[in-house]
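Working notes for the structure below.
Just so it is clear, none of the values below were taken in a lab; they were calculated from the coordinates. What you see is a predicted model, and the numbers here were worked out from it, not measured in a lab. We place every Cβ from the backbone using ideal geometry, glycine too, and count neighbours over all the protein chains shown.
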Amino acid sequence: MTRIRAVACSNIALAKYWGKASVAENLPATPSLSLTLAGLRTITEVEIDPDLGRDHVQLDGVELTERPLERVVQLLDRLRARAGTSRFARVVSRNDFPTAAGLASSASGFAALALAGARALGLDLSLEALSDVARASSASAARSLFGGFAALPAGGRTAERVAPGDHFPLSMVVTLTAKGPKAIGSTQGMQHTATTSPYYAPWVSHSPALFDAVKRGVLERDFERLGTAMEQSALMMHASMLAASPAVIYLTPTTLAVMAAVRELRARGTPAFYTMDAGPHVKVLTLPEHAARVAACVEGVPGVERTIVTGAGPDAALTDEDPRSLP
Ligand code: PMV
């Protein structure tokens, strides 16, 4: 029996992916650029056991069934096809942050699974090749193989490194505004947006300009340029969803209150910008010296559960850490 453990950090898109160029191949319609976050980790253990008749997958202590199980099995099937084996796996995975709440747990989850699964099946794949494997399951997961800043081009199969995290040290104040899982999964939300929203096409055609501005902001360490384009990318993505029929609404009154608090903070001189994904939480990007002030500010907004203050995380890697040891 071969048992391998891998750790991957989640990532938050500064320029958003929303929409598929190919549903069958899971290729993104928009270019995205993300920051991988040290404070949002998944540890996954894959054990290949010749005695198993199927894959068994446990996530955060719960045995997966139906679609969530199927998504893990499909990734393992792609690896098994490459490795030329039909052996099944026992998978144990744990996140150190809330699962499926719009905090990109699928990103770190599929990245860690791709790495641990490949090694357990005897494959020695590059980060790029693993990124392709993870992307087929969840396009945002392609970016989580890389630490720091990573990009996934429109139509791209593999993410690429844009810059290491220490090129431009930033803090992300992840602001949790609700408990429990999200109502609409991202695949369903983006397909519904693509087929019913008159704002979908303008979003897709404008997204490269926002991606370019975000990328330049990162490479030139221009926080104002980066933050301004990041907010517009998030708001334009949400505008495309709001114009769907019926609307896809992830933002709650607490989300809007946190956004207002950040704008006010900024008006008073603190550099801080927000972004939201397929969930109600707000991720506030700031410079490290302002992180404590930003966290204290958003924690004072009624409805905010808690914050996770974190910065750039590393590449996905093998680890000795036991997923069962995570809280
Ligand atoms: O990779 P998915 O299917 O979980 O979609 C992620 C979509 C967003 O988080 C909203 C944006 C992004 O680029 O991560």
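Mind listing the phi-derived Karplus ³J(HN,Hα) values for region 301-315, rounded to whole Hz, using 6.51, -1.76 and 1.60 with θ = phi - 60°, and x for any glycine or proline?
7, x, x, 6, 7, 5, 10, 10, 9, 8, x, 4, x, x, 4
Using Cβ counts within 10 Å as a stand-in for footprinting exposure, how do Phe149, Phe110 rank, fewest first?
In increasing order of surrounding Cβ atoms, one gets Phe149, Phe110.
Counting pairwise Cα distances across the chain, what percent come out greater than 36 angstrom?
Here the long-distance tail beyond 36 Å is 15 percent of all Cα pairs in the chain.
Restricting to Cα pairs below 8 Å that are 6+ residues apart, what does the relative contact order work out to for region 135-244? Please round to a whole percent.
For region 135-244, the relative contact order is 21 percent.
For the residues Ile249, Ile48, what sequence is obtained by ranking on other C-beta atoms within 10 Å, fewest first?
Taking fewest neighbouring Cβ atoms as first place, the list is Ile249, Ile48.
Looking at region 119-201, I'd like the Rg to Rh ratio, where Rg is from alpha-carbon atoms and Rh is Kirkwood's inverse mean 1/r.
On the Cα set of region 119-201, Rg over Rh gives 1.05.
What are the ³J(HN,Hα) couplings of region 216-222, residue after residue, when phi is run through the Karplus curve with 6.51, -1.76, 1.60 and θ = phi - 60°? Round to Hz, x for glycine and proline.
Whole-Hz 3J(HN,Hα) from phi for region 216-222: 4, x, 5, 5, 8, 6, 9.
Stokes-Einstein at 4 °C, 1.567 mPa s, Kirkwood radius from Cα pairs: D for region 218-298 in µm² s⁻¹?
Here the translational diffusion coefficient equals 97 µm²/s.
When Rg is the radius of gyration of the Cα atoms in region 2-163 and Rh is its Kirkwood radius, what does Rg/Rh come to?
Computed over Cα atoms, the ratio is 0.95.
Can you give the helix-only mean residue ellipticity at 222 nm for the chain, where every DSSP H stretch with n ≥ 4 adds -39500 (n - 2.57) and the sum goes over all residues, rounded to the nearest 500 deg cm²/dmol?
Taken over the chain, the calculation gives -12000 deg cm²/dmol.
Among Ala38, Ile48, Val162, which residue has its Cα positioned farthest towards the positive end of the charge dipole of region 2-163, with +1 placed on the Cβ of Lys and Arg, -1 on the Cβ of Asp and Glu, and the dipole taken about the Cα centre?
The one lying farthest along the dipole's positive direction is Val162.
Mind listing the phi-derived Karplus ³J(HN,Hα) values for region 137-153, rounded to whole Hz, using 6.51, -1.76 and 1.60 with θ = phi - 60°, and x for any glycine or proline?
For region 137-153, the Karplus-derived couplings read 8, 7, 4, 5, 5, 4, 7, 6, 5, 9, x, x, 9, 9, 10, 10, x Hz, x marking Gly and Pro.
If packing is taken as the mean number of other Cβ atoms within 10 Å per residue, what is the order of 39-45, 297-303, highest first?
The packing order, highest mean first, is 39-45, 297-303.
For region 167-310, taking Cα atoms only, what is the radius of gyration to one decimal and the Dmax to the nearest whole Å?
Considering region 167-310 through its Cα atoms, Rg and Dmax are 15.4, 43 Å.
What ranking do 275-282, 263-270 get when scored by the average of other Cβ atoms within 10 Å per residue, highest first?
275-282, 263-270
Determine the dipole magnitude for region 114-243: charges of +1 sit on the beta-carbon of Lys and Arg, -1 on that of Asp and Glu, nothing else is charged, the reference point is the Cα centre, and the result goes in debye to the nearest 20.
Approximately 300 debye in magnitude.
Compute the relative contact order of the chain as a whole-number percentage, counting only Cα pairs closer than 8 Å that sit 6 or more residues apart in sequence.
Normalised by residue count, the contact order of the chain is 25 percent.
Treat the count of other C-beta atoms within 10 Å as a stand-in for reagent exposure and order Arg143, Arg306 from fewest to most.
Arg306, Arg143
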